[in-house]
Amino acid sequence: MIHIPSMVRDRVEILFPVATVPGTSDTLATLVKVSNGVAAGGATSIPVAAGKILRVQSVEITMRNSAASQGRVTVTLRSNPAGATVLGSQSLGQWEVSSQANVVGQCETIVVALPEGYEFSGTMTLGLSFASTVGTEITSAIMRGYEYTTPSAALR
C-alpha cells in the first residue's frame, strides 16, 4: 500500500492587541503572529513561514469609545507580494467599526468570515492599517487561519 502524506496545518492567529488606534491618519499597526500557541515578536509586516501557505479565514475587530464621542475605526488588510508590507501596499479588504452613541465605554465588534480565505505564500507579507475619526478609540483585531504545506507534486 502506498502512503500519501496529507496536508500539515499549523493554527495561526495574527493579533493587534488591545490598544489605542494610532491616530486619525492611516497607520500600520504592530501585529503579533501566534503559531500553535507560540507568539513571535511584534512587526508591522508579517511574513509567511518558509515553504508554507498562510490562509486567513476570518477577521475580528473590536472598538471601544474612550471618550464621550462617537468613534469609528477603519481597518485595512494589506499585502505585498515581494517585500515588507507598507501603507502603499495593495488593499485586500477594508472594514469599519463604529459606535452607536457618544458614550464612554460603548463597545462594538464585527466578525468578518472569509469562507474561501485569503491565501499568502512565498515572499508575500501582510499587515493591517488603522485609521480613526477621533483618535482615542481603543481597538483590538485578530485574523484567524492556518499555515499549511501540501505534498510534493510527485506524491499527489
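Nothing in this text is a laboratory measurement; each read-out follows from the coordinates by a stated rule. Given the structure is predicted, the values throughout are model-derived calculations rather than measurements. A quick note on method: Cβ atoms are made from the backbone with ideal geometry, for glycine too, and the neighbour counts reach across all protein chains shown.
Okay, here's what the table says:
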read-out: Around Thr139: net Lys/Arg minus Asp/Glu count, Cβ-Cβ under 15 Å; value: -3
read-out: Karplus (6.51, -1.76, 1.60) ³J(HN,Hα), θ = phi - 60°, over the stretch 113-124, in Hz, Gly and Pro reported as x; value: 7, 10, x, 8, x, 9, 10, 10, 8, x, 8, 5
read-out: Long-range amide H partners of Ala67 with built H, under 5 Å; value: Gly105
read-out: Ordering of 45-54, 82-91, 126-135 by burial proxy (mean other Cβ atoms within 10 Å per residue, highest first); value: 126-135, 45-54, 82-91
read-out: Inter-site label distance for Ala113 and Gln90 at 7 Å from Cα along Cβ, in nm; value: 2.6 nm
read-out: Per-residue ³J(HN,Hα) for the stretch 49-64, Karplus 6.51 cos²θ - 1.76 cosθ + 1.60, θ = phi - 60°, Hz, x for Gly and Pro; value: 4, 4, x, 10, 10, 9, 10, 8, 10, 7, 10, 10, 10, 10, 10, 10
read-out: Kirkwood-type radius of the chain, with distances r between different C-alpha atoms, in Å; value: 16.5 Å
read-out: Size of electric dipole in the chain: Cβ of Lys, Arg +1 and of Asp, Glu -1, about Cα centre, debye, nearest 20; value: 320 debye
